[in-house]
């Protein structure tokens, strides 16, 4: 006879499915960046240029300023891999040493431009009002100047020198950065975390430096990479005209200028330094585009 005790069917509850946490921001950035072959190519080229500039005394096969008239305008070969110039100087050695000068001018002038642009853009975008109008009119005025002719006039009046070249390139290159930073500060100054920081008694300078500026780092980094390439190109153009780096200090611009009279008979004198200018500017642009895509949160992982 069956028991009248009711039977209870026990069912085992399954734990709720665990949602995998989102990867950290740095990991997502690295994943986006490493999946961009153009950005990686730009980074590799720039790393090679940086190593070349740092190890120039070891890497260069000849001293950069030693003339050998027996090898005057020697074609590329075993003795001179990239040929020799009109004084018999090794072009490869001079191009390696010139990377120090050109890259230093590019980075230092960019540092000046970025510093001025961030200060102007942050002040204008955060405070607004009369300061915004005044600073943006100043920015428009600098943008309206014929930059190339102002640079030529400055260097012609005060004399061509590396410090003057760095100063003038940096002083005329900040407006694009200021406009971008201003736009970001205008967008972020009305967000909730800024209002919360202000309600807790944080000063305006602290809010700008500790709360808003870290969120604008991506824009600044991208601007740096693009601005360095422009600065290198500006130095090359001014040195080509004789208003930039002066001999015997080698730079990519004056190396190209050394061979302009021998383009038909000794094309290698200008070609290889010009190729280095092209590769460096292209690499900075590729790296800047890759960083922009990697920092963009709307990009798919």
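No value in this document is a laboratory result; all are computed from the given coordinates. Please read all numbers here as calculations on a predicted model, not as lab measurements. Virtual Cβ from ideal backbone geometry, glycine too; neighbours counted across all protein chains shown.
Numbers for the structure displayed
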read-out: The range 190-258-the range 122-150 distance, computed between alpha-carbon centres (Å); value: 16 Å
read-out: In degrees, nearest ten, helix 91-127 long axis to first principal axis of the chain (Cα); value: 50 degrees
read-out: Relative contact order (%) - criterion: Cα under 8 Å, at least six apart; region: the chain; value: 25 percent
read-out: On Cα atoms only, tilt of 129-144 relative to the major axis of the chain in degrees; value: 40 degrees
read-out: Rg(Cα)/(2.2 N^0.38 Å) for the chain, N = residue count; value: 1.44
read-out: Folded to 0 to 90 degrees: helix 37-54 orientation relative to the chain principal axis, Cα; value: 50 degrees
read-out: Structure-based [θ]222 nm, the chain - -39500 (n - 2.57) summed over DSSP H runs of at least 4, per residue, nearest 500; value: -20500 deg cm²/dmol
read-out: Sequence of 268, 174 once ranked by neighbouring C-beta atoms within 10 Å, starting from the fewest; value: 268, 174
read-out: Global geometry of the range 62-128, whether rounded, prolate or oblate, following the gyration tensor of its Cα atoms and the 1.5 cut on a/c; value: prolate
read-out: Mean Cβ count within 10 Å, highest first, over the residues of peptides 106-112, 193-199; value: 106-112, 193-199
read-out: Order of 89, 100, 187 - criterion: other Cβ atoms within 10 Å of each residue's Cβ, fewest first; value: 187, 100, 89
read-out: Proxy reagent accessibility, fewest Cβ within 10 Å first, across 70, 132; value: 70, 132
